[in-house]
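Down below is the structure, laid out as structure tokens.
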Amino acid sequence: MKIGQLSKATGVSPRSIRYYEKKKLLTAKRLDNEYREFDEVDIKRIRTIQIYLELGMSTKEILEILKCHDDINAYTDSDGFCEEMLEAYEDKREEISGQIQSLMAVQQRLDQRIEQMREQRVLVDKESSAFEKTSTL
């Protein structure tokens, strides 16, 4: 299948498919006329790439993980364990934990500011109410 057909089959734009190829996440076979040729394996590969992108992985991280997928014998130990994949997952989890902590700190500061503004509004309302009472006398 050609790039347009692959795009329709996966819901990924031809531009993204070319980008994946440029980043070596996807390797297209070339026909004599230099057109890219894709197959069912490429559909699965793109779906795998999409999953990792949804997990927030960078293309570099995805490439390392895909190496484990591609050559299971070269990148795994005798038990079939891929250390690079585990490290990539652990690194991503640590990165996300840091982001969560940062976001929680921002949320706390926002909560404090919201509370300050609400208290300020109550004071303004009380002052305004007191002013109205004295001006009507």
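Pairs meeting the criteria (first residue in region 62-89 and among the polar types (S, T, N, Q), second residue at pLDDT 70 or above and surrounded by 13 or more Cβ atoms within 10 Å (Cβ to Cβ), beta carbons under 7 Å, at least 6 apart or on different chains) are 76/68; 76/82. Of all residues in region 88-110, exactly one satisfies the criterion of being closer than 18 Å to residue 52 by Cα and of a type in the set (Val, Ile, Thr), namely 96. Being modelled with pLDDT of 85 or more and either of a type in the set (Phe, Trp, Tyr) or farther than 30 Å from residue 12 by Cα (or both): is that true of residue 93 here? For residue 93, the condition - modelled with pLDDT of 85 or more and either of a type in the set (Phe, Trp, Tyr) or farther than 30 Å from residue 12 by Cα (or both) - is not met.
Here region 1-46 is the region considered, the condition is being small (Gly, Ala, Ser) and surrounded by 14 or more Cβ atoms within 10 Å (Cβ to Cβ), and the residue that is farthest from residue 60 (Cα to Cα) is 9. Given the residues 53, 110, which is the only one that is surrounded by 11 or more Cβ atoms within 10 Å (Cβ to Cβ) and either touching a Pro at 6+ places or on another chain (Cβ under 8 Å) or modelled with pLDDT of 75 or more (or both)? After applying the criteria, what remains is 53. Only residues that are within 14 Å of residue 18 (Cα to Cα) and either modelled with pLDDT under 90 or assigned to a loop (DSSP other than H, G, I, E, B) (or both) were counted in region 35-50, giving 3. For the residues 79, 125, the requirement of being assigned to a helix (DSSP H, G or I), at pLDDT below 75 and among the acidic types (Asp, Glu) singles out 125.
The values are calculated or read from the model by the stated rules, or taken from the named source; none is laboratory data. Worth saying up front: this structure is predicted, and the values here are computed from it rather than measured. Heads up, the Cβs are rebuilt from the backbone with ideal geometry, glycines too, and the neighbour counts pull from every protein chain shown.
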